[in-house]
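A short write-up of the structure that comes next.
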Amino acid sequence: MLEAILHGFVLAFGLILPLGAQNVFVFNQGAAQPTLWRAAPVVLTAAACDALLILLAVLGVSLVVLTVAWLKTVLYVIGVCFLLYMGYLTWRSRPSLDNGEKASFSAKKQMMFAASVSLLNPHAILDTIGVIGTSSLSYAGAEKWGFTIACILVSCLWFFGLSVAGRIMGKLDRSGSLLRSLNIVSALIMWGVAAYMASQLYFA
């Protein structure tokens, strides 16, 4: 049981650590929101979406994405469109120090964008299926649930930590220049992921 839990922790941490559109967006909102509480929607949505993908991968339900060609294509097209749109909005976002607050996304927009970068990212889905789903086959019963819960817990703690780190950076960035630079980097990463996904779609 302990081995399965440790395996889940290490594996999930390794998968979630690389810089990507999802991580950058959570960090960005942590920095942009006037309080940590206001960044809760993006943290909860990202964690919930990851938990859903992990559960589907462990239960084997998400294997349908690998076997239905047209569904995979639709997922790629939607993902590219969302990432292009999100990159555009992030690029245009300008920090504002009026009234001591910075310009930030509303709770609804945070949730919508967090869900899009989580659920409409084919590579994230395929990584979850291919790595976490496959690894879970080594366990059964309580061990499998221990492995699954460990993976989900890592996601929750990671996104909360990202928002806290972003909030600390936001408080230190009195001029708004650092946050503006982060917006530019975020937009470029989103567009880069969208371009890569489009190329995969084109050459598939």
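Structure above, values below:
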item: Members of the range 132-157 that are farther than 13 Å from MET1 by Cα and surrounded by 20 or more Cβ atoms within 10 Å (Cβ to Cβ); result: ILE132, GLY133, CYS151, ILE152, VAL154, SER155
item: Subset of the range 145-180 that is hydroxyl-bearing (Ser, Thr, Tyr) and modelled with pLDDT of 80 or more - its residue that is nearest to VAL42 (Cα to Cα); result: SER163
item: Any hit, the range 32-51, residues being under 20 Å from SER181 (Cβ atoms), among the aliphatic types (A, V, I, L, M), in a helix (DSSP H, G or I) and touching a Leu at 6+ places or on another chain (Cβ under 6 Å); result: no
item: Search result, residues across the range 23-39 that are open to solvent by 20 Å² or more (accessible area, probe 1.4 Å), touching a Ser or Thr at 6+ places or on another chain (Cβ under 8 Å) and not basic (Lys, Arg); result: PHE27, PRO34, LEU36
item: Boolean, GLY8 is over 15 Å from SER93 (Cβ atoms), open to solvent by less than 10 Å² (accessible area, probe 1.4 Å) and not hydrophobic (A, V, I, L, M, F, W, C); result: yes
item: Complete set of residues in the range 182-204 that are at pLDDT below 80 and among the polar types (S, T, N, Q); result: ASN183, SER186, GLN200
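The values are calculated or read from the model by the stated rules, or taken from the named source; none is laboratory data. Source: prediction; values computed, not measured. Backbone-built Cβ (ideal geometry, glycine too); neighbour counts: all protein chains shown. What goes into the accessible areas is simple: the full protein's heavy atoms, side chains included, and nothing from ligands, DNA or RNA. Shrake-Rupley method; radii C 1.70, N 1.55, O 1.52, S 1.80 Å.
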